[in-house]
There are 4 protein chains.
Amino acid sequence: MIVVMSRRADEDKINAVLERLKKAGFQIHLSRGVERTIIGAIGDKTRMGDLALEAMPGVENVVPILQPYKLASRAFKEQDTVVKVGDLEIGGKQIHVMAGPCAVESREQLLESAEMVKAAGATLLRGGAFKPRTSPYSFQGLEEKGLQYLAEAREKTGLKIVTEVMDAGTLPLVAEYADILQIGTRNMQNFFLLREVAKVDKPVLLKRGASATIEEWLMAAEYIMAGGNYNVILCERGIRTYETFTRNTLDLSAVPVVKHLSHLPVIVDPSHAIGKWRFVPPMAVAAVAAGADGLLIEVHPNPSEALCDGPQSLTPENFQSLMKDVRAVAEAIGRRL
Amino acid sequence: MIVVMSRRADEDKINAVLERLKKAGFQIHLSRGVERTIIGAIGDKTRMGDLALEAMPGVENVVPILQPYKLASRAFKEQDTVVKVGDLEIGGKQIHVMAGPCAVESREQLLESAEMVKAAGATLLRGGAFKPRTSPYSFQGLEEKGLQYLAEAREKTGLKIVTEVMDAGTLPLVAEYADILQIGTRNMQNFFLLREVAKVDKPVLLKRGASATIEEWLMAAEYIMAGGNYNVILCERGIRTYETFTRNTLDLSAVPVVKHLSHLPVIVDPSHAIGKWRFVPPMAVAAVAAGADGLLIEVHPNPSEALCDGPQSLTPENFQSLMKDVRAVAEAIGRRL
Amino acid sequence: MIVVMSRRADEDKINAVLERLKKAGFQIHLSRGVERTIIGAIGDKTRMGDLALEAMPGVENVVPILQPYKLASRAFKEQDTVVKVGDLEIGGKQIHVMAGPCAVESREQLLESAEMVKAAGATLLRGGAFKPRTSPYSFQGLEEKGLQYLAEAREKTGLKIVTEVMDAGTLPLVAEYADILQIGTRNMQNFFLLREVAKVDKPVLLKRGASATIEEWLMAAEYIMAGGNYNVILCERGIRTYETFTRNTLDLSAVPVVKHLSHLPVIVDPSHAIGKWRFVPPMAVAAVAAGADGLLIEVHPNPSEALCDGPQSLTPENFQSLMKDVRAVAEAIGRRL
Amino acid sequence: MIVVMSRRADEDKINAVLERLKKAGFQIHLSRGVERTIIGAIGDKTRMGDLALEAMPGVENVVPILQPYKLASRAFKEQDTVVKVGDLEIGGKQIHVMAGPCAVESREQLLESAEMVKAAGATLLRGGAFKPRTSPYSFQGLEEKGLQYLAEAREKTGLKIVTEVMDAGTLPLVAEYADILQIGTRNMQNFFLLREVAKVDKPVLLKRGASATIEEWLMAAEYIMAGGNYNVILCERGIRTYETFTRNTLDLSAVPVVKHLSHLPVIVDPSHAIGKWRFVPPMAVAAVAAGADGLLIEVHPNPSEALCDGPQSLTPENFQSLMKDVRAVAEAIGRRL
């Protein structure tokens, strides 16, 4: 880290900063320029946050040089992490598509969805039993009943199950049924929940918060890994910007960036990012071209009857067509579906 | 709400939309123009979200006209809500300052802070016992010990206590000690937690999420109110923008806007919004000028030793000076401290 | 457009609004609900901006229903516009790559760049003779000398030339040399300049402003088209968001969205969006997968000696590799390079 | 500046960076850590942009330490700049209010506005003769006729005139009439125009671009100052964020921040930031409380008949009431109107 002292910081103030850095075990390099004195400090990057240097008299600015995460970083592990979900490998050469309805609405709706997405080539089934909804008056999910339907669909189709856990209190219940525990975008910095999923022996799908920087997203992964669970799959799902035509702005450049900074697999959810089904297929294909390891796609047997996120759900026909295009592009870049 | 049909939507598609709206109890007004058919629908605004109209064939766009919240709206209650915290009234003529350290670090630190902010004119003491931290390696709070120190400070000074609750699991513990339950910015859409604080008989301080619209913020208040707890105090604390010089961008215009849309009291936290102590005093004064009912200010006996948020914490001297300026401006606009 | 009256607007206020709408030739539909009176108005969408309805007493909100642009809209022209640049067709089946250095620095640098990008498959040469630079102390371009080198490169290679025009005063000079006139991101709403390029018989490459909505971008195209120049090529080049790891956030979903709303061709500039050469190739490939009609790529014979934008410029080797991947994906989706 | 080398950068790559820095006259400090080699470089900050260090092999990141502007910085000039406009002093103890209609629409409208804002205490008259409009179909201003009316209003009332210049071509004309040349938000980075106003002997009011950082805004001021015109007044007018209830988000914290970083005076335009007249008065008062040296307020004799920006224009009555509140708060913080 670099500590920039203000123009008029005197020797006492500079020495106080040096003292604190040395006490914390940092190695020091001092540069006295005409305009400023600058202190370089090299040491344990996970300790920097607690030093409160910016609050010391005479300090103008503190510039971190290294990323604050460690276990999630490419420096910590050079090779790509491959997360195993049963016999599926996420982060390998094969691209995995997780598809299904936003919410589990009924046994019929879910089983029909499962058969359909499996036939089209999906390997995992998504579906929410606990639903975070903006309005308290909206459908909030079937809860345990929904989890049971998901399990039944798994049994019938062999698809693995990815479903959201919203709260530490219901984590044991959800973990009993899920193959992958999804942390939703609004919970990316629910640190209590991150600490709890860290203790469970299941892969975690960590959605990026709608206004989270890539660094904060990797810090959330770090929480889970620091707690002992290394099977984290990152999911880009759009960030909040000033553009209102789309629900959010899909930040596809996050895919190659995360793959550069981290060894963790990354998938993309174009459905929530765009919010309009019409634009989901081209963005799904673009995600694969950008290097994503998988996709999370909302599909519904009848989107206009969906209790949740109908406007962004694909019909079975549109999903089949999307899968064909995804396959063609995957092969063009040397991967497979 | 207004449903805009696409240019080529035929009669069958228009009728299907009309059918669904009528079944849901909406009153319909149909306008056939040269370019588009437009359907106006008037009815229960809390039901709109579940209609999935945008997913129906032939629908181009759905434009909500009324706000989706009800209990939180000015239309529901014309008069300003005054939240009582013991004998304090938040939302009345008096401006209340809630001050103290980011985190409870020790008994001494907290008691010293409490005496000091009280002497300067604060009426509530803030301090975190459970701390949401971006890094898993940072200080996470003293937990119950911290709550006990807060209670002791209350006893000694008479200040009321505002402290954060991070999770439904620890809510009963926090509620035992707190006078006001703070919902942090990262939990504004933790709907499990909102539903739980709704059941507790304590005022709730609801911080705006860092990328929440004013409407989403009021929807979060609606969750708490729909669950039975009407004592909600809103807190603007900065939103995430592209500007990086300040930690966030303090959206002071949210103060008069919320007071127009809602009857709930609004306070402002300039410390977290700005992230640099030097700019906190002018923004605290500006917040009062903009109409805020109170302030949440981070103060620390020794900011450069703080375990959390030192760079944005005021020294006792700077806090006293801020209070003097706040008082002058409050009186200039016909309020008092 | 929909005019929402406030709860307490009386008959006089409602009538005043109806009067003004009728006088402006709008067709009216009145809906009186329990909570609100809502007025639907159908008519010339290009006149709405001048009605100032929101300033009338009793008006709470005005919601536009149709897009405010006309000539640029898909409704005005169903078929894709193909812009001809000599014998090149932009917006057809073939994907065109415009490549070259950020700035023309010298005759040698430019000719070397031109030969190289041509050999790799580019059909147009980019290079700035007038450079908009954030700092007044940075290299500002070779001006007319630069234009002459571009013309020489065109003669030698047959590549068409795309170069930026920054000001109405220098437009005649730039138009003398350019095959495509580029309007830079900072000038997207320089309406004087838009009105002037509208009068020139050359295609215009209109970059999206860094904080422009898709609607504002199409309104800027409308300025050029309303002035008589229908040969507008849109260029997505990243929008400003809170994420700082990349220079801007490439909004690839704008590609299918613009193709839905408008008939104009769209190309993508990943170099400026990302700002780091390493991430340009995957995003170029993703842009093609998303449906872009072309790419604008910064290439430099020696990026680390570039006078401008070196960090985001590709080396010749990296550019050749990118072209190979672009070709494979283009063919996978039924297009060609 | 700090150059962070990548983990595997070898001696040759490090030496190449050192060479380039030394050749450019920078003083070097080398720190070799376990994870990284870090190079500190101290020298002429205005030359850093041209070094292209980030494009050199082995360089991971370049972190600037000092601001890239010089003449605009507080370090260059400790004392506040006071800009004189005739006998008015902007940036001194007195707060100046510049008020008037968005556009000059007619002689009567302007003269009436001028008399009215003068009576209420304004010292400058605003009004656009050339109007930048999002739509090509909207009223674009009276041009020279409008300037003549402004001159007449000045003669009649003694108010100084602030009006926008949109283009280098019309600058001589506008400069003939204006007392202060306004650079609009869309032209903040129109570098041709900045270079031209730098040559004119008139104060310049430089509005912040809607997505400009504070640093970019000060760099735009630097353009004007580097060209020889030191009389720059900065104007905060709202930045673009994801919040849509207000037209933009007024970044009031920019006021104390700019006053810390620069010696230039800062005024605030709440009308354009908010876009709804109802919220303009509280934000005007808050701006003064935050330390603004003046205000730019849209007032119209009859907002609902305005040809431009009616929804955000105050009536004469509301403006008088605003002025009363501004005066009270100005005095409470030791300034005057």
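For this structure, a couple of remarks:
- Near residue B:128, the amide H atoms lying under 5 Å from its own belong to B:103, B:104; only residues 5 or more places off or on other chains count, and H is placed 1.01 Å from N.
- In sequence order, the range D:289-303 has phi-based couplings of 4, 6, x, 5, 8, x, 9, 10, 10, 8, 10, 9, x, 8, x Hz under the Karplus curve 6.51 cos²θ - 1.76 cosθ + 1.60, θ = phi - 60°, and Gly or Pro positions carry x.
- Net length gained if the chain between residue B:148 and residue B:44 were fully extended (0.36 nm per residue, minus Cα distance): 32.8 nm
- Candidates D:140, D:189, D:27: whichever shows maximal mean-square fluctuation once chain D is modelled as a Gaussian network with Cα springs under 10 Å: D:27
- Long-range amide H partners of residue A:97 with built H, under 5 Å: A:123, A:124, A:295
- Between D:30, D:3, D:15, the Cα set farthest toward the positive side of the dipole of the range D:2-63 (charges on each charged residue's Cβ, about the Cα centre) is that of D:30.
- Between the range C:146-175 and the range B:210-255, the Cα center-to-center distance that results, in Å: 50 Å
- R0 of 51 Å, Cβ-Cβ distance residue D:173-residue D:22: FRET efficiency to nearest 0.05: 0.55
- Within 10 Å of the Cβ of each residue in D:304-315, the mean number of Cβ atoms contributed by other protein chains is 4.
- Once the Cα atoms are used to define both axes, helix A:107-120 deviates from the longest principal axis of chain A by about 80 degrees.
- For residue B:37, nonlocal amide neighbours, meaning residues 5 or more places apart or on other chains whose placed amide H falls under 5 Å from its own, are B:5.
- For residue D:324, a cut-off of 15 angstrom between C-alpha atoms picks up these aspartates and glutamates, skipping any fewer than 8 places away in its own chain: B:331.
- Label positions at residue B:115 and residue A:80, each projected 7 Å from the Cα along the C-beta direction, are separated by 6.2 nm.
- Across the copies of the chain, residue A:92 has label points (7 Å from Cα along Cα→Cβ) spaced 4.5, 6.9, 7.9 nm apart, shortest distance listed first.
- Solitary cysteines of chain B, where the nearest other Cys Cβ is not under 4.7 Å: B:235
- For the range A:2-63, the mean projected area of the C-alpha convex hull, equal to one quarter of the hull surface, is 3.6 nm².
- Convex hull volume of the C-alpha atoms in the range A:83-332, normalised per residue: 115 Å³.
- The simple spin-label model puts a point 7 Å past each Cα toward its Cβ; for residue D:7 and residue D:108 those points are separated by 7.6 nm.
- Charged-residue dipole, Cβ positions (Lys, Arg, Asp, Glu), the protein assembly as shown about Cα centre, Debye nearest 20: 0 debye
- Distances between equivalent label points of residue D:79 across the copies, with each point positioned 7 Å along Cα→Cβ, amount to 5.7, 6.9, 7.1 nm, shortest listed first.
- Residue-by-residue Karplus 3J(HN,Hα) for the range B:331-336, coefficients 6.51, -1.76, 1.60, Hz, glycine and proline x: 5, 5, 9, x, 10, 9
- Peptide D:188-199 is shielded by partner chain Cβ atoms: per residue, an average of 4 of them sit within 10 Å of its Cβ.
- In nanometers and ordered shortest first, the copy-to-copy spacing of the residue B:155 label point, defined 7 Å from Cα toward Cβ, is 5.7, 8.1, 9.4.
- Within the shell of other residues whose beta carbon sits under 13 angstrom from the beta carbon of residue D:78, the net charge comes to +4, with Lys and Arg scored +1 and Asp and Glu -1.
- Note on B:215-221: average number of Cβ atoms from other chains within 10 Å of each residue's Cβ is 2.
- Footprinting exposure proxy for A:123, B:241, A:157 (fewest neighbouring C-beta atoms within 10 Å first): A:157, A:123, B:241
- In straight-distance terms, cross-link reach from residue C:22 covers every one of the aspartates and glutamates whose alpha-carbon lies under 13 Å from its own, apart from those fewer than eight places away in the same chain; here that gives C:44.
- All other residues whose Cβ lies under 10 angstrom from that of residue B:124 are scored, Lys and Arg at +1 and Asp and Glu at -1, for a net of +3.
- In plain terms, the chain from residue D:317 to residue D:93 could stretch by 78.0 nm, reckoned as 0.36 nm per residue minus the Cα-Cα distance.
- Among C:38, C:90, C:183, the largest mean-square fluctuation in a Gaussian network model of chain C, built with springs joining Cα atoms closer than 10 Å, belongs to C:38.
- Cα gyration tensor, the protein assembly as shown - rounded (a/c under 1.5), prolate or oblate: rounded
- Structure remark: mean-square fluctuation, Gaussian network model of chain A, C-alpha springs under 10 Å; the largest value among A:262, A:304, A:113 belongs to A:304.
All of the numbers you see were taken from the coordinates with simple rules; none came from a lab. Just so we're clear, the structure is a prediction, and the values are computed from it rather than from any experiment. Because the Cβ atoms are built from the backbone with ideal geometry, glycine has one as well, and the counts that use them run over all protein chains shown.
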